[in-house]
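In what follows, a single structure is set out as structure tokens and then discussed.
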Ligand SMILES: N[C@@H](CCC(=O)N[C@@H](CS)C(=O)NCC(=O)O)C(=O)O
């Protein structure tokens, strides 16, 4: 059986847990990271020397990096459906997955760390503001891309919706003033109606 290490409050674990739900595969999730610890143990470091979650183990095959895990599981269990065979369509999915990891999430990282993880008296408001502006820029790109589209890539739900959706969940739940993004909000509401998303994204942003 597939094993997944990681606390469900982690945005990167959420991606994998949501995909596992969409794929309908058996998976044992083992709490790790944050208050659960585990990630500093020698056994864990042998699986992931970065000491981060998520990690999966699939019949002896160990993999870390959430988007690599999502690609692996989607290709293994849903080639030709959730994971497109068509080269250009798959490149489109890949592109938006990379955009999540390299643009959207880094843009909002400081705002998240300051507003959610730092006590009010220790917050750096300049960092929050710079991160809010960067987050708005990314949200604007996503909003105009989603105009007239049901999904992030192609005509159907794909792993791009999962990974960008988990990042959007964080962005839309940060305690800061955001510009209205009607296309993002419509698409996100649609994602939330999927059982896997409803289960995984009910966790507060912590
Ligand atoms: N690029 C990595 C980032 C992993 C990462 O930063 N994980 C965070 C949680 S979202 C973590 O392990 N934090 C330490 C902890 O939870 O103990 C991935 O996408 O898997």
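For region 2-78, the equivalent ellipsoid built from the Cα gyration tensor has semi-axes of 20, 13, 10 Å, listed from largest to smallest. Spin-label model, residue 95 to residue 76: label points 7 Å out along the Cα-to-beta-carbon direction sit 2.9 nm apart.
Here 158, 144, 202 are placed in order of increasing Cβ neighbour count within 10 Å, fewest first, which gives 202, 144, 158.
Once you have a ≥ b ≥ c as the square roots of the Cα gyration tensor eigenvalues for region 87-194, tell me rounded if a/c is under 1.5, and otherwise prolate or oblate according to whether a/b is larger than b/c.
Prolate.
Sorting the segments 60-66, 95-101, 123-129 by their residues' average number of neighbouring beta-carbon atoms within 10 angstrom, most packed first, yields 95-101, 60-66, 123-129.
Most simply put, region 1-122 has about 60% antiparallel DSSP beta bridges, counting only bridges with both residues inside it. Report note on the peptides 28-38, 162-172, 69-79: ranked by the mean count of other C-beta atoms within 10 Å, highest first, their order is 162-172, 69-79, 28-38. Average 1/r across all pairs of distinct alpha carbons in region 128-187, invert it, and you get the Kirkwood radius: 12.0 Å.
Separation of region 56-94 and region 144-192, taken as the distance between their Cα centroids, equals 21 angstrom.
Given the chain, what percent of its DSSP beta bridges are antiparallel, to the nearest 5?
Given both bridge residues lie in the chain, the antiparallel proportion sits at roughly 60 percent.
Helix-only arithmetic for the chain: the sum of -39500 (n - 2.57) across DSSP H runs with n ≥ 4, divided by the residue total, places the mean residue ellipticity at 222 nm at -17000 deg cm²/dmol. For region 42-149, taking Cα atoms only, Rg and Dmax work out to 17.8, 52 Å respectively.
Just to be sure I understand: if I project the alpha-carbon convex hull of the chain onto a plane and average over all orientations, what area do I get in nm²? Let's see the in-between values first.
Working: hull surface 46.5 nm².
The number I arrive at for the chain is 11.6 nm².
Every read-out reported here was derived from the displayed coordinates using simple, explicitly stated rules and does not represent laboratory data. Computed from a predicted model, the values in this text were never measured in an experiment. Don't worry about glycine lacking a Cβ; one is built from the backbone with ideal geometry, like all the others, and counts go over all protein chains shown.
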